[in-house]
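> Here you go, one structure.
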Amino acid sequence: MSKVITPREKDYSKWYNDLVVEADLADHSAVRGCMVIKPHGYGIWEKMQQALDKMFKDTGHVNAYFPLFIPKSLFEAEEKNAEGFAKECAVVTHYRLKADPNNKGKLIVDPEAKLEEELIVRPTSEAIIWNTYKGWIESYRDLPLLINQWANVVRWEMRTRLFLRTAEFLWQEGHTAHATKQEAIEETEKMLNVYADFVENFMAVPVVKGIKTANERFAGADETYCIEALMQDGKALQCGTSHFLGQNFAKAFDVKFTNKEGKLDHVWATSWGVSTRLMGALIMSHSDNQGLVIPPKLAPTQVVIIPIYKGEEGLKQITEVVNSIKVKLQQRNVSVKYDDRDSQRPGWKFAEYELKGIPLRIAIGERDLASGTVELARRDTLTKEVVKIEGLELHIETLLQQIQSDLYKKALERTVGSTHHVSTYEEFKKVLDEKSGFVYAHWDGTPETEEKIKEETKATIRCIPLNNKQENGVCIYSGKPSTQKVLFARAY
RNA sequence: CGGGGCGUAGCGUAGUCCGGUAUCGCGCCACGUUUGGGACGUGGAGGCCGUCAGUUCGAAUCUGGCCGCCCCGACCA
């Protein structure tokens, strides 16, 4: 009763904010633009980390950790990268505070503790990492270097939103070095596929894989690959990027190696990352007015069991049965929580776990004991069924898989239904305003046209989809010839 | 940075025009009755009204400054 979230159809943005807060995922903090990720939200992030980390390891990567601070001189070494991030950097200028002589109990920055060189709080780690790699790479035998780091980064965003855009966020950033251009490109594409695989199979969110236009490219990259997903409100969200960095950073940081022929060459690089923004994608893809919906593969708790009883003795009897169900589920690697708190009533618990998105709920009471059954409720469909306790663990195992695939299917249908093809600018604007979603349209390939369309419609080219169908047409804006449609959308 | 809003108990709020130490709901604590969809009763605790200064016998309320947060844009993952 106390926790009410704004209905999706009334105000999507407010619905999202309410949901994040009420489902106990995260909260605004005392620091502008920074959030506190609460245990339930962090639990989901940990599941994401575990799955991704395994995929990185399985593709030959290892984890390491680099400093939070980057000396300004290193930061500015790769010019485009520095320029791209310059206007959103937090900068450390001093290393000490002291008591304020004019204001008892207050502190001031000690002017005598000014750093000789400012330190940049990393907005991304290419600079510090490539400066380090310089000392690690001498020969082709040192390559490829396949490293990932789990870290926090800071980007001083003007406007922030929980998970989608915060001043500080958690992410992983892979930074690899290769002997050949071909190998680096293969790595870039491989990691894009890892991301797409993860987002689709764990998060149950369908994505479009593609390449960014020059305008949208990562600062310092030769090519940026990305995955784009469509949220329930028809806006697109970039879910991950994988960059082919060419030799830009190798040249900026003078990272050379001797190849098999004994010749010196700069190494080829990639970097790739996904962030806590994925939490936003997860929330906006599946959740409803009742609250969060978590795909089973990422749910910290997959099944919650709620006893319905009269008196202590009644609870004891139910607990006995529940314990045996619990063990059987755990043996099948189903994470299960038994909520036998006497301080809340069943109805309250039902609502609470729905709000938090736990995929399955078992309710078990006196009449179930008599009939050897339980009530099983699905979070995604909000449907209930009465099932036999015997063989319950098998049923649940199957059902969890079913929910996982149903969620994906539903999201896919929604995405396909919101994907449009247009051939004129009028049609383009009309579809954006009336239907929103992904819009495929011909584009003349120039940054100017892209910019104009963005100014006039707020839609951006999300990507040039990989394996795009080649077809002759004319640009919806300039009328100039085009060989393929690109993917437009209004985006987060 | 532009536009809008807000700061009163853990949360959400009334009171502000018209100055007299603060309203209501949820939550919290105790006891009892309850428990198959957010229980009920009785009793109780909790506030330097964002902050600093001014006006006044007296300020949540009037005046001025400052700080902070949220929302909508521009910027971005």
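> May I ask which of A:K310/A:K337; A:K87/A:K297; A:K72/A:K134; A:K10/A:K435; A:K356/A:K409 have a Cα-Cα span longer than 27 Å here?
Result: A:K87/A:K297 exceed 27 Å.
> Something else: Starting from the 7 Å offset along Cα-to-Cβ, what nm value, one decimal, do you get for the label separation of A:T446 and A:S13?
A separation of 3.3 nm, rounded to one decimal place.
> If you average the alpha carbon positions of the range A:1-49 and of the range A:60-87, how far apart do those two centres end up, in angstrom?
30
> Cross-link partners among aspartates and glutamates for A:K263, C-alpha distance below 17 Å, same-chain residues fewer than 8 apart left out?
Excluding near neighbours in sequence, the set is A:E138, A:D142, A:D254.
> Roughly how many nanometres apart are two label points built 7 Å out from the Cα toward the Cβ at A:N102 and A:S335?
5.3
> Starting from 0.36 nm per residue, how many nanometres of slack lie between A:Y492 and A:V31 once their C-alpha separation is accounted for?
On the way: separation 461, 0.36 × 461 = 165.96 nm, distance 2.23 nm.
Extra length available between A:Y492 and A:V31 comes to 163.7 nm.
> Still on this structure: Quick one: accessible surface of A:E397, probe radius 1.4 Å, all protein chains present, in square angstrom to the nearest 10.
Taking all protein chains as shown, A:E397 has close to 60 Å².
> Next up: Net charge within 13 Å of A:L237 by Cβ-Cβ distance, Lys/Arg positive one each and Asp/Glu negative one each, not counting A:L237 itself?
That sum, taken over residues with Cβ under 13 Å, equals +4.
> Under 20 Å Cα to Cα from A:K190, which lysines show up? Leave out anything in the same chain fewer than 8 places away.
Partners found: A:K54, A:K57, A:K181, A:K209, A:K212.
> Please state, to two decimals, what the Cα-based radius of gyration of the range A:58-100 comes to when divided by 2.2 N^0.38 Å (N = residues).
Numbers: Rg = 15.8 Å, N = 43, 2.2 N^0.38 = 9.2 Å.
Normalised Cα radius of gyration, the range A:58-100: 1.72.
> If you average 1/r over every pair of different alpha-carbon atoms in the range A:1-121 and take one over that average, what Kirkwood value in Å do you get? All intermediate terms of the calculation are to be shown ahead of the outcome.
Numbers: mean 1/r = 0.0517 Å⁻¹.
It works out to 19.3 Å.
> For A:A113 and A:S73, what is the calculated FRET efficiency with R₀ set at 25 Å and r taken between the beta-carbons, to the nearest 0.05?
Between A:A113 and A:S73 the formula returns 0.80.
> On C-alpha positions alone, give me the angle between the axis of helix A:277-286 and the longest principal axis of chain A, in degrees, nearest 10.
Once rounded, one gets 40 degrees.
> Let me ask another. If I stretch the segment between A:H395 and A:K430 completely, what's the gain in nm (0.36 nm per residue apart, minus their alpha carbon distance), one decimal?
Values: separation 35, 0.36 × 35 = 12.60 nm, distance 4.71 nm.
This chain segment gains 7.9 nm when fully extended.
> Within the range A:168-260, what whole-number % of the accessible surface is contributed by carbon and sulfur, with the 1.4 Å probe and all protein chains included in the calculation?
On the way: 1150 of 2810 Å².
Summing carbon and sulfur atoms, their accessible area is 41 percent of the total for the range A:168-260.
> As a check on your grasp of the helix formula, calculate [θ] at 222 nm for chain A: sum -39500 (n - 2.57) over DSSP H runs of n ≥ 4, divide by the residue count, round to the nearest 500.
Mean residue ellipticity at 222 nm (helix-derived): -11000 deg cm²/dmol.
> Once you have all Cα-Cα distances for the range A:166-208, histogram them in 5 Å bins from zero and send the whole-percent values.
Final binned percentages: 6, 18, 19, 19, 19, 13, 6, 1.
> Here's something else I'd like to know. Could you check the spin-label model distance between A:Q182 and A:T319? Points 7 Å from the Cα along Cα→Cβ, value in nm.
In this crude label model, A:Q182 to A:T319 measures out at 6.7 nm.
> Size of the dipole of chain A about the Cα centre, Lys and Arg at +1 and Asp and Glu at -1 on the beta carbon, nothing else charged, in debye to 20?
On the way: 66 positive and 70 negative charges, 135 e Å.
The calculation lands at about 640 debye.
> Jot down the per residue volume, in cubic angstrom and as a whole number, of the convex hull over the alpha-carbon atoms of chain A.
194
> Right, something else. In degrees from 0 to 90, rounded to the nearest 10, what is the angle of the helix A:425-434 Cα long axis to the longest principal axis of chain A?
Here the helix axis deviates by roughly 30 degrees.
> Just to confirm the number: angle between the C-alpha axis of helix A:39-58 and the first principal axis of chain A, 0 to 90 degrees, nearest 10?
Helix A:39-58 sits roughly 60 degrees off the main axis of chain A.
> For A:K388, list the aspartates and glutamates whose Cα falls under 20 Å from its own Cα; do not include residues on the same chain fewer than 8 positions away.
Partners found: A:E320, A:E366, A:D368, A:E375, A:E397.
> Also: Obtain the radius of gyration and the Kirkwood radius of the range A:419-489 from its C-alpha atoms and give Rg over Rh.
On the way: Rg = 10.8 Å, Rh = 11.8 Å.
Using only Cα positions, Rg/Rh for the range A:419-489 is 0.91.
> With a bin width of 5 angstrom, please list the P(r) values of the range A:294-428 as percents of all Cα-Cα pairs, from the 0 bin to the one holding the largest distance.
Bins of 5 Å from zero give 2, 9, 19, 20, 17, 10, 6, 4, 4, 3, 2, 2, 1, 0, 0 percent of pairs.
> Which number do you get for Rg(Cα) / (2.2 N^0.38 Å) in the range A:2-66?
In units of the 2.2 N^0.38 Å rule of thumb, it is 1.52.
The values are calculated or read from the model by the stated rules, or taken from the named source; none is laboratory data. Just so it is clear, the model here is predicted, and its values are computed rather than measured. Because the Cβ atoms are built from the backbone with ideal geometry, glycine has one as well, and the counts that use them run over all protein chains shown. These accessible areas exclude ligands, DNA and RNA; they are computed on the full protein's heavy atoms, side chains included. Shrake-Rupley method; radii C 1.70, N 1.55, O 1.52, S 1.80 Å.
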